[in-house]
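J.: Take a look at this one; I'll ask things after.
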Amino acid sequence: MKIRKQGHCAYQCEYHLVIVSKYRRKIFNEGSFEYFKKIMKKVKEIQPEIEILTMNHDEDHIHLHLSIPPKIKVSDAVKTIKSVSGRLMKKKFEYMRKAYWGIDGIWSDGYFVSTIGINEDIIKRYIERQGEEDMGQAQLVLDL
């Protein structure tokens, strides 16, 4: 796990996000998923601080492992991902336009998100060594 830095904070905020196709339609295959990966590069251009670490798919949903800085709400990151990808995928694939004819998007309204974090033992060790850290006598090591 990587500690990232911004102007006045250091953070490790990683999330597992699952976005589901509307009506759980089986619209994803290898070709559409490859295009989705390309779209995620466009999302990175719009929100450069959002890092897509890994991703995979099933026929009706996509899993993403993301790093989102604390200044960006998770819901805003999800909104960006779903709006950009939904619009571009529907534009690219005729079968998606047909499957969702007369409907705005390809994504279900909801999503699943959970945090991926440092485990409890690592946090305890870090806190216990904090006094040494402040005196410059210990080095922060996150053994994962």
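The values are calculated or read from the model by the stated rules, or taken from the named source; none is laboratory data. Just so we're clear, the structure is a prediction, and the values are computed from it rather than from any experiment. For neighbour counting, all protein chains shown are included, and Cβ atoms are generated from backbone atoms with ideal geometry for every residue, glycine included.
J.: Out of segment 6-28, which residues are of a type in the set (Phe, Trp, Tyr), closer than 16 Å to residue 50 by Cα and surrounded by fewer than 16 Cβ atoms within 10 Å (Cβ to Cβ)?
T.: Matches in segment 6-28: 11 only.
J.: Would you mind stating whether residue 62 is touching a strand residue (DSSP E or B) at 6+ places or on another chain (Cβ under 6 Å), modelled with pLDDT of 95 or more and in a loop (DSSP other than H, G, I, E, B)?
T.: No.
J.: Within segment 106-118, count every residue that is surrounded by 12 or more Cβ atoms within 10 Å (Cβ to Cβ), in a loop (DSSP other than H, G, I, E, B) and modelled with pLDDT of 90 or more.
T.: 3
J.: Further question: If you take the residues of segment 81-95 that are over 12 Å from residue 32 (Cβ atoms) and touching a helix residue (DSSP H, G or I) at 6+ places or on another chain (Cβ under 6 Å), which of them is surrounded by the most Cβ atoms within 10 Å (Cβ to Cβ)?
T.: That would be 81.
J.: I need every pair where a residue in segment 79-94 that is among the hydrophobic types (A, V, I, L, M, F, W, C) and assigned to a helix (DSSP H, G or I) has its Cβ under 7 Å from the Cβ of a residue that is exposed (fewer than 15 other Cβ atoms within 10 Å of the Cβ) and modelled with pLDDT under 95, sequence separation at least 6 or different chains.
T.: Close Cβ pairs satisfying both conditions: 84/42; 84/46.
J.: Within segment 20-39, identify whether any single residue is within 20 Å of residue 108 (Cβ to Cβ), under 11 Å from the mean Cα position of the chain (by Cα) and either modelled with pLDDT of 95 or more or part of a loop (DSSP other than H, G, I, E, B) (or both), and answer yes or no.
T.: For segment 20-39, residues within 20 Å of residue 108 (Cβ to Cβ), under 11 Å from the mean Cα position of the chain (by Cα) and either modelled with pLDDT of 95 or more or part of a loop (DSSP other than H, G, I, E, B) (or both): absent.
J.: Hey, another quick one. When you go through (1) modelled with pLDDT under 95; (2) in a strand (DSSP E or B) one by one for residue 55, which number turns out not to apply?
T.: Answer for residue 55: the failing condition is (1).
J.: In segment 95-129, which residue that is in contact (Cβ under 8 Å) with a residue 60 or more places away in the chain and of a type in the set (Gly, Ala, Ser) is farthest from residue 61 (Cα to Cα)?
T.: Top of the filtered list is 117.
J.: For a quick check of your reading of the model, give me the residue pairs whose first member lies in segment 30-56 and is of a type in the set (Gly, Ala, Ser), whose second is not in a helix (DSSP H, G or I), with beta-carbon atoms closer than 8 Å and at least 6 apart or on different chains.
T.: Pairs that qualify, where the first residue is of a type in the set (Gly, Ala, Ser) and the partner is not in a helix (DSSP H, G or I), are 32/93.
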